[in-house]
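Participant: Below you will find the structure I want to go over with you.
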Amino acid sequence: MPRFPIDVHLGEHGLLDSIADDVRRGLSAQQKFLLPKFFYDEAGSLLFEQITELPEYYPTRTELSILTNIASDLMQRVDPQELVELGSGSSTKTRVLLDARYNMGTSARYIPFDVSKTIVESACEDLHGRYPDIAIHGVIGDFERHLGLIPPAVGRRLVLFMGSTIGNLELSERLELLDGIRKLLSPGDFLLLGMDMVKDSAVLEAAYNDAAGVTAAFNLNILSVINNALQADFNVEEFRHHAHYNHELDRIEMHLYARSAQSVHITGLGMTMEVAKGESIWTESSHKFTQETAMSMIEEAGMCLDTWYTDSLHYYGLALITTR
Ligand code: AVJ
């Protein structure tokens with residue numbers, strides 16, 4: 001029995017509850033697509049953890065290095081009584097901030113918010129072992145639907161949205177999400193937002209087409225997720241992973257290309273999908289930011305940039321944001 005409350009707002013199948021409608025819509029579209037949130041079944045979450053350790057995939061380690069450099073300043077500047085982390089995953093990054101908080105001789109309540117109950121439970125057990133007197137309150141939900149169910153604040157709050165997951169969303173979805181986050185903030189509270197930056201497309205494309213093929217396995221795994229959840233018969237071997245950089249729209253686009261013409265039966269939807277040789281299924285967009293596009297998004301969301309943190313190569317940005 002965990003020693004801390006965990007509120008669960010997703011059914012036992014987590015995000016897969018809404019998969020039927022999303023997949024029917026996506027695979028019936030002119031340009032077939034699948035939503036990146038369906039990457040993260042057990043196998044997909046493990047593959048993503050492996051991606052974060054790849055030599056080509058710089059975002060996670062760069063974000064962590066910036067965070068490590070700024071942690072004590074940030075804790076001094078914000079002095080939070082509470083940390084709310086959206087998409088907390090294994091909460092490894094949070095430790096850097098909690099350590100800094102502890103070194104200041106104070107603590108903070110921690111609210112990890114994630115789709116995966118298993119990951120939140122194990123992360124909280126770890127944190128409880130590390131900081132015995134920390135107050136923890138886990139929330140299992142979808143940040144596009146359940147932000148309003150986060151418990152009321154117990155004091156000055158710092159919301160963390162890291163990993164450049166905001167890059168998966170289109171601008172309208174980003175503004176909607178930032179609007180939901182703004183409602184979690186009272187005057188004096190802060191949001192720390194992680195964003196991957198625009199850079200040489202060779203560096204970007206290498207990060208999403210790694211030599212070891214881990215990203216390819218991560219991308220192809222979404223077909224297994226659909227096979228399991230909707231009794232489909234995708235033949236994973238008959239699809240090829242590739243990610244390219246779209247310069248006009250400053251984003252990486254990840255696709256699965258059909259190696260041959262195929263009929264895929266999706267029994268759970270009562271539909272058969274015809275796909276032509278070379279036709280693609282678009283599985284993820286990963287938008288990249290400049291300081292200008294980050295600033296205009298923050299302003300358009302009705303918020304203000306307090307401090308901009310970045311690394312020596314300007315590969316990654318952390319924006320400390322307040323409400324107007
Ligand atoms: C977790 C969404 C930030 O877009 O870089 C990694 C996911 N996709 N490799 C990203 C991902 C391919 C990652 N995010």
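Participant: Quick one: Karplus J couplings for segment 142-157, per residue in order, coefficients 6.51, -1.76, 1.60, θ = phi - 60°, nearest Hz, x for Gly and Pro?
Facilitator: Along segment 142-157, the couplings run 9, 5, 8, 10, 10, 4, x, 9, 5, x, x, 5, 9, x, 4, 10 Hz.
Participant: For the chain, find the longest principal axis of its Cα atoms and tell me its angle to the long axis of helix 92-103, 0 to 90°, nearest 10.
Facilitator: 0
Participant: How much net charge surrounds residue 269 when only other residues with a Cβ under 13 Å from its Cβ are counted (Lys, Arg +1; Asp, Glu -1)?
Facilitator: Working: positive: 24, 25; negative: 21, 22, 233.
For residues surrounding residue 269, the net value is -1.
Participant: Okay, moving on. Rounded to the nearest 0.05, what FRET efficiency is calculated for residue 310 and residue 201 with R0 set to 22 Å and r the Cβ-Cβ distance? Intermediate values should be presented prior to the final figure.
Facilitator: Values: r = 20 Å, r/R0 = 0.89.
Working from the Cβ atoms, E equals 0.65.
Participant: Compute the accessible area per residue over segment 1-71, keeping the other protein chains in place, probe 1.4 Å, unit Å². Kindly include the intermediate steps, with their values, before the conclusion.
Facilitator: Values: 3790 Å² over 71 residues.
That works out to 53 Å² per residue.
Participant: Moving to a separate point now. Under the definition of Cα pairs under 8 Å and six or more residues apart, what whole-number percent is the relative contact order of segment 119-234? Could the numbers behind the result be given before it?
Facilitator: Working: 61 pairs, mean separation 25.5, N = 116.
Contact order relative to length: 22 percent.
Participant: Net charge around residue 116, counting only other residues with Cβ within less than 10 Å of its Cβ (Lys, Arg = +1; Asp, Glu = -1)? Working shown, then result.
Facilitator: On the way: positive: 117; negative: 41, 42, 114, 121.
Within the 10 Å Cβ shell, the charges total -3.
Participant: Averaged per residue, what accessible area in Å² does segment 155-260 show with a 1.4 Å probe, protein chains only?
Facilitator: 37
Participant: Same structure again: With the radius of gyration and the Kirkwood radius both derived from the Cα set of segment 178-227, what is their ratio Rg to Rh? Working shown, then result.
Facilitator: Details: Rg = 17.8 Å, Rh = 14.6 Å.
Expressed as Rg/Rh, it is 1.22.
Participant: Please list the non-local residues whose amide H lies under 5 Å from the amide H of residue 136, H modeled 1.01 Å from N, same-chain partners needing a gap of 5 or more.
Facilitator: 110
Participant: Based on DSSP, what percent of beta bridges with both residues in the chain are antiparallel, to the nearest 5?
Facilitator: 60
Participant: Another question, then. Over the chain, with a single point scatterer placed on each C-alpha, what log10 of the ratio I(q)/I(0) does the Debye formula yield at q = 0.10, 0.14, 0.15 1/Å?
Facilitator: -0.59, -1.15, -1.30
Participant: What whole-number distance in Å separates the alpha-carbon centres of segment 199-253 and segment 1-63?
Facilitator: Each part's Cα centre sits 13 Å from the other's.
Participant: Then there is this: Taking the Cα atoms of segment 122-208 alone, what are Rg (to one decimal) and Dmax (as a whole number) in Å?
Facilitator: Rg, Dmax (Cα atoms, Å): 16.1, 46.
Participant: Of the candidates 105, 148, 268, which one comes out as most mobile in a Gaussian network treatment of the chain with C-alpha springs shorter than 10 Å?
Facilitator: Taking springs between Cα atoms under 10 Å, the residue moving most is 105.
Participant: While we're looking at this one, here's another question. With a Cα-only, solvent-free Debye model of segment 1-99, what are the log10 I(q)/I(0) values at q = 0.14 Å⁻¹?
Facilitator: So the normalised log intensities are -0.82.
Participant: After finding the eigenvalues of the alpha carbon gyration tensor for segment 70-111, what semi-axes result from the square roots of 5 times each, listed largest first in whole Å? Don't skip to the end; give the middle numbers.
Facilitator: Numbers: eigenvalues 55, 22, 17 Å².
Values for segment 70-111, descending: 17, 10, 9 Å.
Participant: Note down the nm distance, to one decimal, between modelled labels 7 Å out along Cα→Cβ at residue 276 and at residue 235.
Facilitator: It is 2.0 nm.
Participant: Could you pull out the GluC sites (Glu not before Pro) across segment 31-137 that fall in loop regions by DSSP (anything but H, G, I, E, B) with no more than 10 other Cβ atoms inside 10 Å? Before the final figure, lay out each step's value.
Facilitator: Details: sites: 42, 49, 53, 56, 63, 82, 85, 121, 125; in loops: 53, 56.
Passing both the DSSP loop test and the Cβ count: 53.
Participant: While we're here: Do any GluC sites (Glu not before Pro) in segment 154-242 lie in a loop, going by DSSP, with at most 12 other beta-carbon atoms within 10 Å of their beta carbon, and if so which? Please list the in-between numbers first.
Facilitator: On the way: sites: 170, 173, 176, 205, 237, 238; in loops: 170.
Here the GluC sites (Glu not before Pro) that fit, given the DSSP loop and packing criteria, are 170.
Participant: Tell me, what does the Kirkwood hydrodynamic radius of segment 96-160 come to in angstroms if you use every pair of distinct C-alpha atoms?
Facilitator: Averaging 1/r across every pair of different Cα atoms and inverting gives 12.8 Å.
Participant: Please report the carbon-and-sulfur percent of the accessible area for segment 174-291; probe 1.4 Å, protein heavy atoms only, DNA, RNA and ligands left out.
Facilitator: Details: 2360 of 4630 Å².
It is 51 percent, rounded to a whole number.
Participant: Follow-up question, since we're still on this one. In segment 195-324, with Lys and Arg counted as +1 and Asp and Glu as -1 at Cβ, which of these residues, 217, 239, 264, has the Cα nearest the positive end of the dipole, that is, farthest along it?
Facilitator: It is 264.
Participant: How compact is segment 217-324 by the rule of thumb for globular proteins, expressed as Cα Rg over 2.2 N^0.38 Å?
Facilitator: Values: Rg = 19.7 Å, N = 108, 2.2 N^0.38 = 13.0 Å.
Output field value: 1.51.
Participant: Which far-off residues, 5 or more places away or on another chain, put their amide H under 5 Å from the one on residue 259, with H placed in the peptide plane?
Facilitator: Distant-sequence amide H within range of residue 259: 239, 240, 278.
The values are calculated or read from the model by the stated rules, or taken from the named source; none is laboratory data. Every value quoted in this text rests on a predicted model; they were computed, and no experiment measured them. In this analysis, Cβ positions are derived from the backbone assuming ideal geometry, glycine residues included, and neighbour counts consider all displayed protein chains. Only protein heavy atoms, including side chains, enter the accessible area calculation; ligands, DNA and RNA are left aside. Shrake-Rupley method; radii C 1.70, N 1.55, O 1.52, S 1.80 Å.
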